[in-house]
Amino acid sequence: MSADESARLAPARPAGARALPAAASAAQAGVRLRALVIIRWAAVAGQLVTVALVQWGLGYPLPLLPVLAVIGTSALLNLVIGLGRPAIARLDDRNAAIFLGFDVIQLAALLYLTGGLHNPFSILLLAPVAVAATILSFRSTLALCLLTIASISTIALVRKPLPWPGEEPVLPDLYVAALWVGLVLTTLLVALYAWRVAEEARRMANALAATSEALARERQMSALGALAASAAHELGSPLGTITLIADDLRREVPPGSPAHEDVRLLGEEVRRCADILTRLTLKPTEDVSSTYLRVPLPALIESAAEP
């Protein structure tokens, strides 16, 4: 068989054989930092727009310097993280949880300065939990839920006045308690539901990667079987010539000659090679190693004594 035929018949490595497992392992390796940085920039932009609308659009008095300081801290931290690490960097589960935990604390600080649970934007505390539930482990998601519940409880008890023209409206304590219960329950339900859906998606992706890898191995085995069958077919012709020569030598060498046993052994080995090639032709992927377990005794003794 020529080199060109060997190259043509050699099993090509499927593109998905390594790409999908690599993608799966990459997905499990951590969260892409760039995605979290972009989400935080969007949050900072939304907070600035909201502050500008409330302060100058609606004319509601805000503690402007503390609010801008909290927003500026988030933006500054985003700049430091974005410039300090490459765009393709990934955060492990623990660091990603800390990243989102800071967002929860930052939102809680803004709500503390602007009315606590009386502020209608208090529902935004659920956003980091929803993000965490889709990308983090159950343990990290649960930790972030507890931090969010602690923040909700804090701003329900301790807060600055709600920005309001004139006298601040007084909400009944029962209504505030109902807000607290609703936010806590929604935090737990959103986290549980989002994590469950994301976990099912991750399992499906892993199953798809494993199936694709198994199919790639089957394609390789099929190509290898075709290569073995072709090699057996190509080797049949020279092996037939060796068989004829061995038969001629056996007839020409006298039975009492020292070379008679070698010629007889040569004929047996040639026939054994022919049997192996026949099996490769019929069942290319079958294991033929058991054939080599049966060795003629003279050959075994000579092989052992030769060193």
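Every listed requirement among (1) at pLDDT below 90; (2) among the hydrophobic types (A, V, I, L, M, F, W, C); (3) open to solvent by 80 Å² or more (accessible area, probe 1.4 Å); (4) in a helix (DSSP H, G or I) is met by TRP180 save one, (1). Cβ-Cβ distances below 8 Å connect the following pairs, each with a first residue in region 49-69 that is at negative phi, a second residue that is open to solvent by 50 Å² or more (accessible area, probe 1.4 Å) and of a type outside the set (Asp, Glu), and a separation of six or more residues or different chains: THR50/PHE121; VAL51/LEU68; VAL54/TYR60; GLN55/PRO61; TYR60/TRP164; TYR60/PRO165; PRO61/PRO165; PRO63/LYS160.
Looking at region 155-173, which of the residues that are at pLDDT 90 or above and in a helix (DSSP H, G or I) is farthest from VAL104 (Cα to Cα)? So, considering only residues that are at pLDDT 90 or above and in a helix (DSSP H, G or I), the one farthest from VAL104 (Cα to Cα) is LEU157.
Quick check on LEU185: is it assigned to a helix (DSSP H, G or I) and surrounded by 21 or more Cβ atoms within 10 Å (Cβ to Cβ)? It is false that LEU185 is assigned to a helix (DSSP H, G or I) and surrounded by 21 or more Cβ atoms within 10 Å (Cβ to Cβ). If we scan region 152-170, do we find a residue that is more than 19 Å from VAL51 (Cβ to Cβ) and aromatic (Phe, Trp, Tyr)? No, region 152-170 has no match at all. If you go through region 78-106 and keep only what is over 17 Å from LEU147 (Cβ atoms), in a helix (DSSP H, G or I) and open to solvent by 50 Å² or more (accessible area, probe 1.4 Å), you end up with LEU79, VAL80, LEU83, GLY84.
Scanning region 110-128 for residues that are in contact with a Leu (Cβ under 6 Å, 6 or more places away or on another chain), part of a helix (DSSP H, G or I) and open to solvent by less than 20 Å² (accessible area, probe 1.4 Å) gives LEU117, SER122, LEU125, PRO128. Give me a count of the residues in region 236-266 that are over 30 Å from ARG279 (Cα atoms) and surrounded by 15 or more Cβ atoms within 10 Å (Cβ to Cβ). Residues in region 236-266 being over 30 Å from ARG279 (Cα atoms) and surrounded by 15 or more Cβ atoms within 10 Å (Cβ to Cβ): 1 in total. When you scan region 213-226, do you find a residue that is open to solvent by 50 Å² or more (accessible area, probe 1.4 Å) and either closer than 30 Å to SER140 by Cβ or of a type in the set (Ser, Thr, Tyr) (or both), even just one? Yes; the residues of region 213-226 include at least one that is open to solvent by 50 Å² or more (accessible area, probe 1.4 Å) and either closer than 30 Å to SER140 by Cβ or of a type in the set (Ser, Thr, Tyr) (or both).
Could you tell me which residue of region 267-301 is modelled with the highest pLDDT, considering only residues that are outside any helix (DSSP H, G or I) and open to solvent by less than 70 Å² (accessible area, probe 1.4 Å)? Filtering region 267-301 for residues that are outside any helix (DSSP H, G or I) and open to solvent by less than 70 Å² (accessible area, probe 1.4 Å), the one modelled with the highest pLDDT comes out as PRO296.
The values are calculated or read from the model by the stated rules, or taken from the named source; none is laboratory data. This is a predicted model, so every value here is computed, not measured. So basically every Cβ, Gly included, is an ideal-geometry build from the backbone, and we count neighbours across all protein chains shown. SASA here: full protein model, heavy atoms, side chains in, ligands and nucleic acids out. Shrake-Rupley method; radii C 1.70, N 1.55, O 1.52, S 1.80 Å.
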